[in-house]
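Take a look at the structure set out below.
Values in this text are rule-based calculations from the coordinates and carry no lab data. As the structure is a prediction and not an experimental result, all values here were calculated from the model. Virtual Cβ from ideal backbone geometry, glycine too; neighbours counted across all protein chains shown.
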Amino acid sequence: GQSLEQPSEVTAVEGAIVQINCTYQTSGFYGLSWYQQHDGGAPTFLSYNALDGLEETGRFSSFLSRSDSYGYLLLQELQMKDSASYFCAAETGANNLFFGTGTRLTVIP
Amino acid sequence: DVKVTQSSRYLVKRTGEKVFLECVQDMDHENMFWYRQDPGLGLRLIYFSYDVKMKEKGDIPEGYSVSREKKERFSLILESASTNQTSMYLCASSSNLAGNYEQYFGPGTRLTVT
């Protein structure tokens, strides 16, 4: 079967750096996406990695290693508004995503 | 701005009722998706569609059907609602343009089946 493993909860201090890991096992794999979801809100797209390496977008970076079936989302200079759930999602077919169960990030003062 | 709208934010139905959830997107996207989201389980794909009148089963299609008669509209149908279908239902759309990887989500419909 298919699976994406990510920690269920992470707590970090405002201004710090946090890394959310994701390991995947899927029948097909084109790339890894990350989505953010605030309580009561819709998931919103953060990043996509098709190739190995680091992609940086402002305070957020995402990394992929295809050989290790592993990726992570790195959030720098944490702000209170970053408290949310973060989902990794494997693209298993053209535009078709298989989501992880999500990591709830709590940023504390 | 891409906009995906869903017909209701909250819906309460009785067991055995036929339920229609509607989703409309205004960006001429080819692809549309229906997910359900449950605590601890993440988002699970129910059905998706790559074109008008086309549908494909996702990971959990049992108890659901879909309809896509127009490009902008994708409907999820619960033929006979059951209590285990109480959930948050999220619709999404995406483009086939090269280099596009983003799915755009609607606000969700929280369905309660009693």
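Just to confirm a number: summing +1 for Lys and Arg and -1 for Asp and Glu over residues other than A:Thr106 whose beta-carbon lies under 13 angstrom from that of A:Thr106, what do you get?
Local net charge: -2.
GNM on chain B, C-alpha springs below 10 Å: top fluctuator among B:Leu78, B:Leu90, B:Leu21?
Top of the fluctuation ranking is B:Leu78.
Have a look at A:Gly1, A:Phe60, A:Gln36 and report the one farthest towards the positive end of the charge dipole of chain A, computed about the Cα centre with Cβ charges (Lys/Arg +1, Asp/Glu -1).
Result: A:Gly1, furthest along the dipole toward the positive end.
May I ask what percent, to the nearest 5, of DSSP beta bridges between residues of chain A are antiparallel?
DSSP beta bridges in chain A are roughly 90 percent antiparallel.
Report Rg (one decimal) and Dmax (nearest whole number) for chain A, counting Cα atoms only, units Å.
Rg, Dmax (Cα atoms, Å): 13.2, 41.
Taking every residue in B:67-74, how many Cβ atoms of other protein chains lie within 10 Å of its Cβ, on average?
Average per residue, whole number: 0.
On average over all directions, what projected area in square nanometres does region B:43-114 have, based on the convex hull of its Cα atoms?
Its average projected convex-hull area is 5.2 nm².
What share of the DSSP beta bridges in region B:1-113 is antiparallel, in percent to the nearest 5?
90
Computed over the Cα atoms of the protein assembly as shown, what is the ratio Rg over Rh, Rh following Kirkwood?
A ratio of 0.97.
State the Cα centre-to-centre distance between region A:64-109 and region B:37-80 in whole Å.
That distance is 24 Å.
Just to be sure I follow the definition: excluding the sites themselves, where is the longest run in chain A that has none of the GluC sites (Glu not before Pro) in a DSSP loop with at most 14 other Cβ atoms within 10 Å?
In chain A, the maximal stretch lacking such sites is A:15-76.
Could you give me D for region B:1-45, from Stokes-Einstein at 25 °C and 0.890 mPa s, where the hydrodynamic radius is the Kirkwood radius over C-alpha pairs? Units µm² s⁻¹, please.
Approximately 189 µm²/s, per Stokes-Einstein.
By DSSP, what percent of the beta bridges with both residues in the protein assembly as shown are antiparallel, rounded to the nearest 5?
Just about 90 percent of them are antiparallel.
So if we plug the beta-carbon distance of A:Gln2 and A:Arg59 into 1/(1 + (r/R0)^6) with R0 = 25 Å, what FRET efficiency do we get, rounded to 0.05?
Taking R0 as 25 Å, the efficiency between A:Gln2 and A:Arg59 is 0.25.
In region B:80-114, whose amide N lies under 19 Å from the spot 7 Å out along Cα-to-Cβ of B:Thr15? List them in ranges.
Backbone N within reach: B:80-87, B:111-114.
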